[in-house]
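Quick notes on the structure that follows.
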Amino acid sequence: MSPESLDNPLREGLRAERTASPCTVVIFGASGDLTKRKLVPALYRLSQERLVPAEFAIVGISRTPLSHDDFRERMRSAVSTFSESKHLDEEVWRNFAQGIYYLSGDIANPELYNNLSQLLSEIDAERGTSGNRVFYLSTAPSQYSEAIKQLGAADLARSVTPDSFTRIIIEKPFGYDLASAKQLNEEVAAVFDEDQVYRIDHYLGKETVQNLLVFRFANGIFEPIWNRQYIDHIQITNAEAIGVEGRGAYYESSGVTRDMLQNHVFQVLSLVAMEPPVSLSANAVRDEKIKAMQAVRPIHHDQVDAFAVRGQYGPGSSGGHAVPGYREEPGVNPDSATETYAMLKLNFDNWRWAGVPFYLRSGKRLPKRLTEIAIQFKQAPHLLFSKLVEQHFEPNVLVVRVQPDEGITLRIGAKIPGQTTRIRWVNMDFRYGASFGVSSPEAYERLLLDCILGDSTLYARRDMTERGWEIVMPVLDAWRNSRPDFPNYEAGAWGPAAADEFLEREGREWRRP
Ligand code: BG6
């Protein structure tokens, strides 16, 4: 365990006061989409909110030859276009832009790292960034290994002084399968200590995902019923209305299981399934998350159909417009077997969850954008009212809405006012927007700030990245070896009929939120 993440109260995760040290964030892949859509707008916002100090700098690195000023101009338009308010405060921008630098070069060329080393020293002297560095790998994943190796070779992975820090954030996808994730972890470990490594999963930066910890462990009433005695099953839905949005070529090598399930959805799952941590330090939380995931019963490769369903959208409609099928998207093989929808049934072999299935689903071109966790409780043990009322009895459901319309709803039966006893199912509703009246920070803001602060609670630890792959590998292997009958759902539908039939066979049904 690293000294940084030991249970030291000063390093306590999810802490209240958040004052960041001076530092330089070095972005590899600076001409990419993520830099302009998320990273620089998030850093600008942190600067606007004074959550990072004036002694702050950004170095963008990519192959394109650009001057510092060219890059500043590009980032100015990125912030105006993609920051939440779409508004750029000229004064904040002026100070922020002075700390933006650019370096062009080939990731595999040692010269780039010599130049970077020199530039970082100059920035330390000019801006007072104190030798603190965060490297952000946002290149094509095939370049991660090379960048890591070169950073090591150029002696950029070590701290500049005993008091300064050097950290690295690694974007998803973390590997393509279990073997490549393990290899990447090995390569990272050869150069960086685990406490320097921040594997990002932007779902962990979402406010409602963080709230799962508060909801479960700051309230005394949920923990006693959060188990097999009261819960029938749990559904986690991650639905997107969009298709592959011009990312066909990437998606062909990925599919929804790699892109969403084994990382984002599993992170959410682990927060639902974990035991209470002994403290909020990064490792205490992550120890419990991995412990829960280790209890997931392995899916045997010749029983995949009993645990998983895949789908791919054909032509249909989205938001009232006709949209093409996946195979017609640019960059996609017209005969593609890539899944754009997947559902998994997972069982946990532990005391809390024995006998409680978790159904997970994620898909593109579903009817709406929605991520939610639905905890479905068992029926009351004796239905007094069933003799009085001829109606369908709904179970109680606790729904945590991760996005959009963030909040928590409890569905309960209530008597309809009047002389007869009739029951209607109604919602007790908590809405973030209405209760707090402020919008939540973007996931990348929270996560970048956490990394600068040295708090890795909301980042994936090495063991978790490998465990996610371990769970899905038998499914991916079985699917690779058999030809699916695609497309099998229309764009705009809730996935393939086979997913509904799967739950029907289990005596349950998918929610249609
Ligand atoms: C990304 C995936 O990690 O998450 C995308 O690569 C997906 O395919 C996106 O669209 C969804 O993120 P969010 O925050 O919009 O739910």
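Heavy-atom accessible area per residue, the chain, 1.4 Å probe: how many Å²? Working shown, then result.
Details: 22720 Å² over 513 residues.
Counting only protein heavy atoms, the per-residue value for the chain is 44 Å².
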Notebook entry, point to check: In the structure displayed, which of Lys38/Lys206; Lys38/Lys86; Lys38/Lys289; Lys38/Lys172; Lys149/Lys182 lie more than 18 Å apart, Cα to Cα?
Noted result: Lys38/Lys289
Check: In whole angstrom, how far apart do the alpha carbon centroids of region 71-100 and region 125-198 sit?
Finding: 27 Å
Notebook entry, point to check: Hey, what did region 77-222 get for relative contact order, percent, Cα under 8 Å, at least 6 apart?
Noted result: 18 percent
Item checked: Area accessible to solvent at His202, 1.4 Å probe radius, in Å² -> 50 Å²
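Looking at the square roots a ≥ b ≥ c of the eigenvalues of the Cα gyration tensor of region 179-278, which shape do they give, rounded for a/c under 1.5, prolate if a/b is larger than b/c, or oblate?
oblate
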Checklist line | Dipole of the chain [Lys/Arg +1, Asp/Glu -1 at C-beta], most positive-end residue of Val426, Thr35, Met464 | finding: Val426
Margin query: Show me the trypsin sites (Lys or Arg not before Pro) within region 340-389 that DSSP assigns to loop and that have at most 16 other Cβ atoms within 10 Å of their Cβ.
Written below: Arg352, Lys368, Arg369, Lys378
Check: Mind checking the log10 I(q)/I(0) for the chain at q = 0.10 Å⁻¹? Debye, one equal scatterer per Cα, no solvent, two decimals.
Finding: -0.84
Next item on the list: Can you tell me the 0 to 90 degree angle between the C-alpha axis of helix 144-153 and the longest principal axis of the chain, rounded to 10?
Entry: 40 degrees
Next item on the list: With +1 on each Lys and Arg Cβ and -1 on each Asp and Glu Cβ, and nothing else charged, work out how big the dipole of the chain is about its Cα centre, in Debye to the nearest 20.
Entry: 1540 debye
Margin query: Below 8 Å, C-alpha to C-alpha, sequence gap of six or more: please give me the relative contact order for region 319-389 in percent.
Written below: 19 percent
Note to self: Among Ser85, Gln118, Ile100, whose Cα projects farthest towards the positive end of the dipole of region 85-142, with charges put on the beta-carbon of Lys, Arg (+1) and Asp, Glu (-1)?
What the structure shows: Ser85
Checklist line | Dipole in debye (nearest 20) - region 143-278, about Cα centre, beta carbon charges: Lys, Arg +1; Asp, Glu -1 | finding: 160 debye
Check: What is the Cα centroid distance between region 467-513 and region 234-266, reported in whole angstrom?
Finding: 13 Å
Next item on the list: Please label the shape of region 124-228 as rounded, prolate or oblate, based on the square roots a ≥ b ≥ c of the eigenvalues of the alpha-carbon gyration tensor (a/c under 1.5 means rounded; beyond that, a/b larger than b/c means prolate, else oblate).
Entry: oblate
Next item on the list: First measure r as the distance between the Cβ atoms of Val426 and Arg480, then evaluate 1/(1 + (r/R0)^6) with R0 = 51 Å and state the FRET efficiency to the nearest 0.05.
Entry: 0.65
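Once you keep just the Cα pairs under 8 angstrom separated by 6 or more residues, what percentage relative contact order results for the chain? Write down the numbers at each step before the final one.
Numbers: 936 pairs, mean separation 94.5, N = 513.
Reported as a whole number, the value is 18 percent.
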Checklist line | Per-pair calculated FRET efficiency, R0 = 22 Å: Ala190 and Ser142 via Cβ, rounded to 0.05 | finding: 0.75
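The values are calculated or read from the model by the stated rules, or taken from the named source; none is laboratory data. Being a predicted model, the structure only gives us computed values, none of them experimental. FYI the Cβ positions are ideal-geometry reconstructions off the backbone, even for glycines, and counts take in every protein chain you see. In case anyone asks, the SASA skips ligands and DNA or RNA and just uses the protein heavy atoms, side chains included. Shrake-Rupley method; radii C 1.70, N 1.55, O 1.52, S 1.80 Å.
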